[in-house]
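Notes follow the structure.
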Amino acid sequence: MFNKTPHCTDITILTLDRWMVLYIFNISMSFYFFLKLAEKDGVGVKHTRDAGWCGSDCFPLKKGELKTGPGNSDSSALGNAPDAQRVSNGTPASWDPQVLNCSEDASVRTQDWFRRLDQRFHQFVLHRHCRYFPMLINHPEKCADGEVHLLMVVKSVIEQHDRREAVRSTWGREHTVDGRKIKTLFLLGSPTTGKDTKNLQKLIEYEDRLYGDILQWDFMDTFFNLTLKEVNFLKWFDIYCSGVRFIFKGDDDVFVNTHNLLELIGFKLEERKEPQLFVGDTISKAIPIRNRQSKYYIPKELYDKPYPPYVGGGGFLMSSQLARRLFVVSEDLELYPIDDVFLGMCLQKLHLVPEMHPGFRTFGITRRRVSPMNSEPCFYKHLIVVHKLSAQELLRMWSVVHNEDLVCAQRTSM
């Protein structure tokens with residue numbers, strides 16, 4: 001189907017592999033040097049977790065709540081205005097949650113449905129009113145000049161620094177295209193209990209010193225807490241970055257064709273569809289998974305109806321106007337343990353349905369991992385988002401796709 005010039009040879013791939021190994025080795029040695037330096041002089045600790053902090057057996061996130069005070073974003077201050085007209089004018093000018101007690105909702109324990117609920121979900125339900133958390137690393141200056149066209153927001157965890165390096169070297173590189181400024185941020189929580197928490201925190205602080213592109217909150221980076229990344233980012237965005245035009249939100253293991261993404265934004269601006277823009281790989285008519293072995297298992301006691309339409313969290317695009325509305329409605333919704341579905345619930349409350357776009361392949365080009373189509377560069381050249389690649393695969397595919405010698409046939413539907 002496609003014709004390729006022979007630049008993508010085994011020799012080229014071997015060279016890239018060697019480069020990647022050397023690159024990761026150098027980064028690792030830099031981190032090691034920093035750790036030794038930090039142990040010597042105590043440098044680099046912006047926030048250290050108390051040794052007596054509640055671990056995963058208690059609740060998989062740091063306890064905290066929103067500080068009350070003048071100008072605080074309180075749902076009562078929004079009155080009874082329709083969701084579509086509500087705005088977050090009460091949002092404070094800085095991040096305000098403090099390290100305060102956010103104890104469990106003991107009243108839930110008395111309810112029959114809770115007694116029947118799978119124990120894996122007990123702590124989530126007892127503490128899902130704990131919504132906003134202290135920031136360990138913040139960059140309020142990221143959008144300070146008010147001229148950011150596209151903000152790339154990437155969900156990651158501390159240990160995946162190789163993925164972040166690959167993203168920074170490829171689609172997450174901060175630059176300007178035809179006057180359109182692109183900025184990048186990585187969203188992180190804290191290391192889970194049982195890991196080398198202190199040293200991992202030093203590593204991430206050193207990484208942020210190098211790049212200045214990390215937002216970190218003081219809740220544990222667990223699967224159920226991915227929704228906390230959504231709501232804490234929406235609040236952060238509303239405070240510090242609401243002037244940006246568009247937001248791409250994705251995982252750190254996707255390939256993003258930045259050129260095609262900017263083209264899509266241009267088309268939407270021409271069509272004047274910016275205010276309600278939310279586009280990705282839409283999943284409709286889905287129902288909760290009842291298989292207890294599945295990562296996405298949801299018991300009937302927690303949710304027992306079909307999901308609203310939502311997009312695969314591997315990558316999606318939204319306008320800042322819609323992001324502000326999502327922030328407002330999200331504050332009145334109970335947190336849900338699957339972050340993609342939670343955003344679908346927010347959209348449903350706004351009476352909106354996410355737009356399906358064939359360029360977003362959050363399940364890969366084909367669902368069969370071994371399919372040769374998943375490694376065909378000409379598909380990547382014509383798509384916008386492809387999930388799921390390792391750091392090494394991302395670097396290799398980016399190099400191949402952006403090689404001027406790559407020749408592809410005309411676009412072909414898949």
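The values are calculated or read from the model by the stated rules, or taken from the named source; none is laboratory data. Every value quoted in this text rests on a predicted model; they were computed, and no experiment measured them. Neighbour counts run over all protein chains shown; Cβ positions are idealised from the backbone, glycine included.
So, in region 251-264, of the ones that are out of contact with any Ser or Thr (no Cβ under 9 Å at 6 or more places or on another chain) and under 21 Å from Cys143 (Cα atoms), which residue ends up surrounded by the most Cβ atoms within 10 Å (Cβ to Cβ)?
Leu261
Among the residues of region 372-414, how many are farther than 18 Å from Arg173 by Cβ, modelled with pLDDT of 90 or more and either aliphatic (A, V, I, L, M) or touching a strand residue (DSSP E or B) at 6+ places or on another chain (Cβ under 8 Å) (or both)?
Number of matching residues: 1.
With the requirement that a residue be in a helix (DSSP H, G or I), surrounded by 18 or more Cβ atoms within 10 Å (Cβ to Cβ) and either at pLDDT below 90 or of a type outside the set (Val, Ile, Thr) (or both), what does region 203-219 give you?
Scanning region 203-219 gives Leu203, Glu205, Tyr206, Glu207, Asp208.
Applying the selection to region 314-361, what residues are under 15 Å from Phe246 (Cβ atoms) and assigned to a helix (DSSP H, G or I)?
Ser320, Gln321, Leu322, Ala323, Arg324, Arg325, Leu326 - these are the residues of region 314-361 that are under 15 Å from Phe246 (Cβ atoms) and assigned to a helix (DSSP H, G or I).
Pick from region 152-202 the residues that are in a loop (DSSP other than H, G, I, E, B) and in contact with a Phe, Trp or Tyr (Cβ under 8 Å, 6 or more places away or on another chain): which of them is surrounded by the most Cβ atoms within 10 Å (Cβ to Cβ)?
Trp171
Only residues that are among the small types (Gly, Ala, Ser) and modelled with pLDDT under 95: list them for region 128-176, please.
Ala144, Gly146 - these are the residues of region 128-176 that are among the small types (Gly, Ala, Ser) and modelled with pLDDT under 95.
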